[in-house]
Amino acid sequence: MAQVHVSRIEDGTSVMEHVKRSTLPVGGTFLLAPGGHHLMLMHPRRALPVGTVVKIDLLLEDGQRVPAEFTVRKDAPK
């Protein structure tokens, strides 16, 4: 299962929060990047070494599935 999380600094400490829904205007963009919104794979079935390409279908509110590919990266710098 994949989830979108967002990292932020709260009282000097880095925290992550699960993002259940995001609104994207028509023609808009949604940036996934270390230290901000990012995709987390929860309980992957196998180890995913850095550099592995993972194919994921993103589910839109209207039920449409959008195929996407992501490259596994190291944790964001602290």
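The values are calculated or read from the model by the stated rules, or taken from the named source; none is laboratory data. None of the values given here were measured: they were computed from a predicted structure. Neighbour counts are summed over all protein chains in view; Cβ atoms, including those assigned to glycine, are modelled from backbone coordinates with ideal geometry. Accessible surface is based on the protein model in full, side chains and every heavy atom, while ligands, DNA and RNA are left aside. Shrake-Rupley method; radii C 1.70, N 1.55, O 1.52, S 1.80 Å.
Of all residues being charged (D, E, K, R) and surrounded by 10 or more Cβ atoms within 10 Å (Cβ to Cβ) in region 1-47, which is nearest to the chain's Cα centre (by Cα)? Just the residue, please.
Out of the qualifying residues, it is 17.
Conditions (1) touching a residue at least 60 places away in the same chain (Cβ under 8 Å); (2) of a type in the set (A, V, I, L, M, F, W, C); (3) part of a loop (DSSP other than H, G, I, E, B), marked per residue:
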site	(1), (2), (3)
4	no, yes, no
32	no, yes, yes
39	no, yes, no
45	no, no, yes
56	no, yes, no
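Looking only at region 58-78, how many residues end up being part of a loop (DSSP other than H, G, I, E, B), open to solvent by 60 Å² or more (accessible area, probe 1.4 Å) and over 30 Å from residue 13 (Cβ atoms)?
Residues flagged as part of a loop (DSSP other than H, G, I, E, B), open to solvent by 60 Å² or more (accessible area, probe 1.4 Å) and over 30 Å from residue 13 (Cβ atoms) within region 58-78 amount to 4.
Tell me yes or no: at least one residue of region 9-19 is part of a loop (DSSP other than H, G, I, E, B) and on the phi < 0 side of the Ramachandran plot.
no
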